[in-house]
Structures are given as structure tokens and as C-alpha cells.
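What follows is a set of notes on a single structure, which appears directly below.
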Amino acid sequence: MVMFWSHVPLIVRAVLTGFVVSSIGIAIWSLMLSGIVAPWSILPMIVALWAYLKFFGGSWGPKKQREVRKTRFRAIKLSPFVWKWGITAAFLFVIIVQASFVITFRIIDFPAEKFTADYKTLENMPLWVAWPVLIMSSIVAGVCEETGFRGYLQVPIEKKYGPSMGIIITSVIFMLIHLSHSWASPILPHIFFASVLLGILAYKTGSLIPGIIGHSILDIFDYSVWWSDISGGFHKQTIFKTGIDIHFIIWCLIFILAVFVFFRSMGRLKKRELQLANMKRQTSIKNIYS
């Protein structure tokens, strides 16, 4: 079996592994939601998610594969500099995606029925139950999808074919996987673009943590505003009915500014990376001649 797996093309192996790793945590949460009354299902899921991170992060499991799992999880200690710009970019990522939704659904009608079809159970829960379930669902999606896609899928492709190929292939698969949801078809470009941003964030910071934070926060907004009416939903009319108004202009400006600052943040990380590499090179030269 091991021999057979080693002969499977790397991209196929990465796609299958990433999908399975991502699906495991989400499947566990689905089983707990169906088997344990909410919100009490959250408590065992916290333990399960902790165990999930320990195993796929390389802290637990067979020692032979721990280093591989640490590499796939991008398990490194971040410097304060990377933390600062990584978290900044994570919040900008949330703003970019939310702004893109607002702009899109000011241009075309918001298909509310499609967007809320998968999450009717949330709307039927009391708010004191719905909100904890929503937040837990967002965290599970953020942790598991970043681990599976930006970790176990993207890393091996990235290392063999370069970051651009890793990010693009991961984003195509990420977009296609979401076709299983009723709300996906109107926003396929948004899903692809969001995945590209998360892929860049993971590569530039060398860590999944900023992406997990950004992804989880994004999903809290998505669940509460777009996929359900828990926080009131989205009810703005298109600009073809209202004309180009201040609301539309402001969101366009927010989107442009957030994209600009996001890539500036990534640029700062790249500049810092080059500075550190140069310092190491100079240190090595000094050691040779000392």
C-alpha cells in the first residue's frame, strides 16, 4: 500500500490528503451536533479540536511522521514582527471578503433563499443556542480547512512546484469543494479569491495561525449575515434600483483600501525575510574569515 501511494502523482496525493484532513474535523463536529443536544455538543468538540490540532500539528501520533506533519501544519514559532503583520493581514482579509460580498450584492440581487437553504436549523434555534453553535462551527471550519487546504494540500505542492502553483491549485480545489453548498455558485470567484489571499498569508507568514484566525472570523460574519438571518441578514437593493449611493461608494473604497494594505503587509513580510536572509549571509561570511 505504501509503495502504491508513493507512485501516485504528488499533486493527487496532496489533494486527497488535504481533503481528508479537512473533512475529518468537520465530520466529527457534524456527528456531535446530530448526536448531542446543542449547545452541549460544543464541550466535547473543544476537546476533539484540541486533539485534532495536536495530531495534525505533529505533537501526537507516530514519531516517524511527526516532522512531516509539523511541516505540513507550518508549525513554527512566529516572531513579534510576523505576528503583527500576519494578524493585520488576517483582519484585512475579513474586510476584503465581506466588502466583496456587499459590492456584489449591490450589483446583483442577493439570492437569500440560496444562501440560507443549508442553515435553516440555525434559524430554528433560540439565539442563546444558535450563537455558540455558529461560533463553534466557524472555528471548526477555520481550523480544519486551513489545516487541510493551506497546510496538507498547499505545502507539498508549494515545495515542489513553487508558491504560485501551490496557491492556485489549492484555490481551485477549495472553490470546487464548496460547490456542494447551495450558496456557492453566485460567489465562486469570491471563494477562489479568498483562498488565494489565505494561501498568500500562509506562505508569507510561514504559519497557518493568522489564516485560521481570519478564516474563523470571516465565517462568523458569513453564518450570521449571509447564511442565516440571525443578525438581521442583508436587505440592500441593487444600485440599478437605488442608483450609485454613498453606501456603495464607501464599500468600494473599503475594498480597494483593504486590498492595498493587505498586499503592503505581505510586502513588509517579504522585505523582512530578505533582511534576515542578508543578515544570516553576512554572519556566515564573518564566521568564515574570523
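The values are calculated or read from the model by the stated rules, or taken from the named source; none is laboratory data. Note that the structure is a prediction, hence the values are computed from the model and not measured. Quick note on the areas: whole protein, heavy atoms, side chains included, nothing else; ligands and nucleic acids left out. Shrake-Rupley method; radii C 1.70, N 1.55, O 1.52, S 1.80 Å.
Mind listing the Cα extents of the range 47-145 along all three principal axes, in Å, largest one first?
That works out to 52, 33, 22 Å along the principal axes.
Given a 1.4 Å probe, how much area per residue of the range 128-173 is accessible, in Å²?
Dividing the accessible area of the range 128-173 by its residue count gives 31 Å².
Counting each DSSP H run of 4 or more residues in the chain as -39500 (n - 2.57), what helix-only mean residue ellipticity at 222 nm follows after dividing by all residues, to the nearest 500 deg cm²/dmol?
-24000 deg cm²/dmol
Ranked from the most accessible area to the least, with a 1.4 Å probe and all protein chains present, what is the order of 260, 101, 19?
Numbers: 260 125, 101 10, 19 90 Å².
The ordering from most to least exposed comes out as 260, 19, 101.
Too long at a 22 Å Cα-Cα cut-off: which of 63/160; 160/204; 77/159; 54/160; 64/204; 84/270?
Distance filter (> 22 Å) returns 63/160; 54/160; 64/204.
Report the Cα centroid-to-centroid distance between the range 194-273 and the range 126-156 in angstrom, as an integer.
17
Need one value: the accessible area of residue 55 in square angstrom, 1.4 angstrom probe, rounded to the nearest 10.
In the full protein context, residue 55 sits at about 80 Å².
Scan the chain and note any complete DSSP helix (H) whose C-alpha atoms cover at least 15 Å along its axis and whose Kyte-Doolittle average is 0.0 or more.
Values: long enough: 10-35 (37 Å, 1.84); 42-56 (20 Å, 1.87); 80-107 (40 Å, 1.59); 127-145 (26 Å, 1.71); 163-177 (21 Å, 2.19); 188-205 (26 Å, 1.43); 209-221 (19 Å, 1.48); 246-289 (64 Å, 0.54).
Both cut-offs are met by 10-35, 42-56, 80-107, 127-145, 163-177, 188-205, 209-221, 246-289.
When Rg is the radius of gyration of the Cα atoms in the chain and Rh is its Kirkwood radius, what does Rg/Rh come to?
Ratio of gyration radius to Kirkwood radius: 1.01.
With θ set to phi - 60°, apply the Karplus curve 6.51 cos²θ - 1.76 cosθ + 1.60 along the range 113-124 and write out the HN-Hα couplings as whole Hz, x wherever there is a Gly or Pro.
Per residue, the Karplus-derived 3J(HN,Hα) values read 4, 5, 6, 9, 4, 7, 10, 4, 4, 4, 5, 8 Hz.
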